[in-house]
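Read through the structure below, which is laid out as structure tokens, and then see the notes.
The values are calculated or read from the model by the stated rules, or taken from the named source; none is laboratory data. Predicted, not measured: the structure shown is a model, and the values here were computed from it. Reconstructed Cβ throughout: ideal geometry from the backbone, glycine too, with neighbour counts over all protein chains shown. Quick note on the areas: whole protein, heavy atoms, side chains included, nothing else; ligands and nucleic acids left out. Shrake-Rupley method; radii C 1.70, N 1.55, O 1.52, S 1.80 Å.
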Amino acid sequence: MTVVDSDPTLQRAPWAKQRILDTANELFYDDGIRVVGIDRLISVSSVTKATFYKHYGSKDTLILKYIRSRHESMRQDLTATIDNSAGAEQALRQIVGDLAARISQPGFRGCAFLNAAAEFPDPQHPVREVVTAHREWYTDVLSNLLGDMGHPMPGDAADEFLLAIDGAQSGGYAGDPVAATTSLQRAVDRILGSATLKAA
């Protein structure tokens, strides 16, 4: 038996699922996850309520999709940066350079993952689990690159590197982006300098 999807809205709007996610990506980041309601998501996405529920079922499902898609986008970006770099040090400096550029852009509101964690304080919440997994992955990426550089303690250095990134993103949003990115660069120079001295 052939099963045909009888939802005419879905058939007319195959773009709807991605448009809803794109809208969530913008609104959740700009205004906060909890404050953005389903009615606003539907209105800004220009879809019907039936289409929203057909694709996502609930706001909670969309929230998880949002934070996971943020992780996947960052994973792809970092993979491309590493693949296109001549070596580990160049990759790490490019990561910092790209981050500094984002912090200086209008509309920057800090780290989407830290923002999400702040809105969901329960460490057992599915959103927090995604954030934790993301940060563990990010630390592993940094640790591997620092290890490739010959850093004597790549795991500890990766923790320091990520903490410097966290501080720069929070400081860049809440304070002076120039001061935040300059401080980040100093911290990174010190971390990478330890690897360079060891290698020498």
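Mind checking the per residue accessible area of the chain for me, 1.4 Å probe, whole number of Å²?
54 Å²
Going from most exposed to least, what order do ASP148, ASP30 have by accessible area with a 1.4 Å probe?
Highest to lowest solvent-accessible surface, that is ASP148, ASP30.
For log10 I(q)/I(0) by the Debye sum over Cα atoms at q = 0.08, 0.10, 0.13, 0.15 Å⁻¹, one of [x] -0.35, -0.52, -0.79, -0.97; [y] -0.35, -0.54, -0.88, -1.09; [z] -0.27, -0.42, -0.68, -0.89 was computed from the structure I shared and the rest are decoys. Which label?
[x]
Please give the calculated 222 nm ellipticity per residue for the chain, where each DSSP H segment of at least 4 residues contributes -39500 (n - 2.57) and the sum is spread over every residue; nearest 500 deg cm²/dmol?
Helix-only estimate at 222 nm: -25000 deg cm²/dmol.
To the nearest 0.05, how large is the calculated FRET efficiency for THR79 and ASP156 if R₀ is 30 Å and r is the Cβ-Cβ distance?
About 0.80, to the nearest 0.05.
Quick one: with all protein chains in place, what share of the accessible area of segment 110-163 is carbon or sulfur, to the nearest percent (1.4 Å probe)?
Accessible surface attributable to carbon and sulfur in segment 110-163 totals 55 percent.
Among ASN25, ALA80, ALA168, whose Cα sits farthest toward the positive end of the charge dipole of the chain (+1 at Cβ of Lys/Arg, -1 at Cβ of Asp/Glu, about the Cα centre)?
The Cα lying farthest towards the positive end belongs to ASN25.
Within 10 Å, count the other beta carbons around each residue, average over each peptide in 38-47, 125-134, and list them highest first.
125-134, 38-47
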